[in-house]
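Engineer: Below you will find the structure I want to go over with you.
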Amino acid sequence: MKRPILSPTLAANEKVIALRATGRKVYHMGFGQAPFPVHPRLHKALCDNAHQQQYLGVAGLPELCEAVLSHQAALTGLNPDDYDVIVGPGSKLILYALQMAIPGDIMLPVPSWVSYAPQAGLLGQHVIDVPTVSVDNTLQLTAENLEKAWHKAKGNGLNPTKLLINFPGNPTGISITDSDLQAITEFCRSQAITLISDEIYGRLSFDGQYRSASTHFPEGAVVTTGLSKHLSLGGWRLGVGIVPKAIDGLHQSLIQIASETWSCVSTPVQFAAIEAYALHTDVEEFIDNSRQIHKIVNTHIADSLRCMGFDCPTPTGAFYTWPDLANKPNAAPARFKNSQQLADHLLDDYGIVSLPGDAFGEQPSNLRLRLSGCDYDGALALSTLKTYGADKLLANIDEFAPSVSGALQQFEKFSQHR
Ligand SMILES: Cc1ncc(COP(=O)(O)O)c(C=O)c1O
């Protein structure tokens, strides 16, 4: 299959920049960029370290690696002595390095984030789909489906050695239940499967609970995370991998890959990131406030789409919704053969930028879209929350998030079109 040159999320963003440059009004729901400003403490730390020009060690600044482990220990109770850390230029490259370092084929839930399968493709590895199941209007990966997919892959002569999961999930905006996580990790343990747990949205679970695969599978789950989502610092490009020492040689392989590719992450950013992991009260409060705003905005998007008659699971974390636009009785969607056609139509006729479900491995004929609910003025949202409180935030959405309410009005028009 011919692979697109740009990852779909980045392609959507570039399209929006080009359209806006021509003066076209667009509602950007295609890109998962958290909107809040740089926290002043982190801003200062970066400025204070701008003079640091030296390369750092390949694994990462030792003080930062220690801070990452203490932070993770405080959140999940893991024992820092059992893990090594690697710091990378975003968790995306660590995920790629992990796929490269762990031989064999990868099992991926359907749907899952746009870059996992293309990364496997770049490495010439097979992707084994694991269907999710709909439970109470949420999509869940279950141990039962995992086991079935694993047996089928074995039967087809593949070598399923690794599973990559992500929760709260992009594209679904849904987290995993503790019991599913427990059962999945038990299966991984029983078959010596390495679990890669992408926890980049872990601190944005709407119930405020950070769940980690490492709690259930301390010796076999590699956790990736970073600063991009809960601290809105995607452009700082700092991600981390937390690697169990029990997985023989994996940390060393990652260091080898890093040493031949990115060498080390920007030195000022690594120094500043220590502050991001120190659990300072003001930074924690900023994360809590951001989480509340994501919850209110994205729950509102899901509720509104359901009111229009579409099927849309209520998100439980991150900043995405995953509506199925085929579900509205009498509506136009019958005209669309696949989710790409639907996404093109929404852009051409309504100015809504979305990502088609098939970019996430969904059957093209399913008219699912991934919507990002984060194109708004984050500073204004934070000050609105402070002034009016969470209960009144939604009443002010037109002021701080006109593009979100504008997009919903466009969806309303689309839903009325026969
Ligand atoms: C599910 C998921 N994993 C990983 C990443 C990569 O994040 P970063 O490379 O900025 O750490 C993203 C970014 O959109 C994501 O949505």
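The values are calculated or read from the model by the stated rules, or taken from the named source; none is laboratory data. None of the values given here were measured: they were computed from a predicted structure. Counting neighbours? That spans all protein chains shown, and the Cβs are built from the backbone with ideal geometry, glycine included. Remember, those area values only see protein heavy atoms, side chains included, never the ligands or the DNA or RNA. Shrake-Rupley method; radii C 1.70, N 1.55, O 1.52, S 1.80 Å.
Engineer: Taking Leu108 and the conditions (1) in contact (Cβ under 8 Å) with a residue 60 or more places away in the chain; (2) over 22 Å from Leu254 (Cα atoms), which numbered condition does it fall short on, given that it satisfies the others?
Structural biologist: Here Leu108 clears every test but (2).
Engineer: Looking only at segment 102-118, count how many residues are within 12 Å of the ligand (Cβ to nearest atom) and open to solvent by less than 20 Å² (accessible area, probe 1.4 Å). Don't jump to the end; show me each part of the working.
Structural biologist: Taking segment 102-118 and keeping what is within 12 Å of the ligand (Cβ to nearest atom), we get 108-109, 111-116.
Filter once more, keeping what is open to solvent by less than 20 Å² (accessible area, probe 1.4 Å): 108-109, 111-112, 114-116.
So the count comes out to 7.
Engineer: Just to be sure before I move on: is Ile296 touching a Leu at 6+ places or on another chain (Cβ under 6 Å), surrounded by 19 or more Cβ atoms within 10 Å (Cβ to Cβ) and within 25 Å of Gly32 (Cβ to Cβ) in the structure I sent? I'd like the intermediate steps shown before the answer.
Structural biologist: On the way: touching a Leu at 6+ places or on another chain (Cβ under 6 Å): yes; surrounded by 19 or more Cβ atoms within 10 Å (Cβ to Cβ): yes; within 25 Å of Gly32 (Cβ to Cβ): yes.
When the stated conditions are applied, Ile296 passes them.
Engineer: I would also like to ask the following. Are there helices (runs of 4 or more DSSP H) fully within segment 312-399 with at least 2 residues that are among the aromatic types (Phe, Trp, Tyr) and at pLDDT below 95? List them. Steps first, answer last, please.
Structural biologist: Numbers: elements: 339-350, 378-388, 390-393.
Correct list: empty, since no element meets the threshold.
Engineer: Just for segment 80-101: of the residues that are away from the ligand (no atom under 14 Å from the Cβ) and out of contact with any helix residue (DSSP H, G or I) (no Cβ under 7 Å at 6 or more places or on another chain), which one is most open to solvent (accessible area, probe 1.4 Å)?
Structural biologist: If we filter segment 80-101 for residues that are away from the ligand (no atom under 14 Å from the Cβ), which is where we start, we get 80-85, 100-101.
Right, trim to out of contact with any helix residue (DSSP H, G or I) (no Cβ under 7 Å at 6 or more places or on another chain) and you get 81-82.
Values: Asp81: 110, Asp82: 76 Å².
Ranking the qualifying residues of segment 80-101, first place goes to Asp81.
Engineer: Something else: Does segment 262-284 contain at least one residue that is within 16 Å of the ligand (Cβ to nearest atom), touching a strand residue (DSSP E or B) at 6+ places or on another chain (Cβ under 6 Å) and in a helix (DSSP H, G or I)?
Structural biologist: no
Engineer: Would you call Lys44 basic (Lys, Arg), open to solvent by 20 Å² or more (accessible area, probe 1.4 Å) and more than 23 Å from the chain's Cα centre (by Cα)?
Structural biologist: Against the criterion (basic (Lys, Arg), open to solvent by 20 Å² or more (accessible area, probe 1.4 Å) and more than 23 Å from the chain's Cα centre (by Cα)), Lys44 qualifies.
Engineer: For segment 28-119, give me every one of the helices (runs of 4 or more DSSP H) that falls completely inside it and has 1 or more residues that are among the β-branched types (Val, Ile, Thr) and modelled with pLDDT of 95 or more. Before the answer, list the steps.
Structural biologist: Values: elements: 40-48, 62-76, 91-101.
Those helices (runs of 4 or more DSSP H) span 62-76, 91-101.
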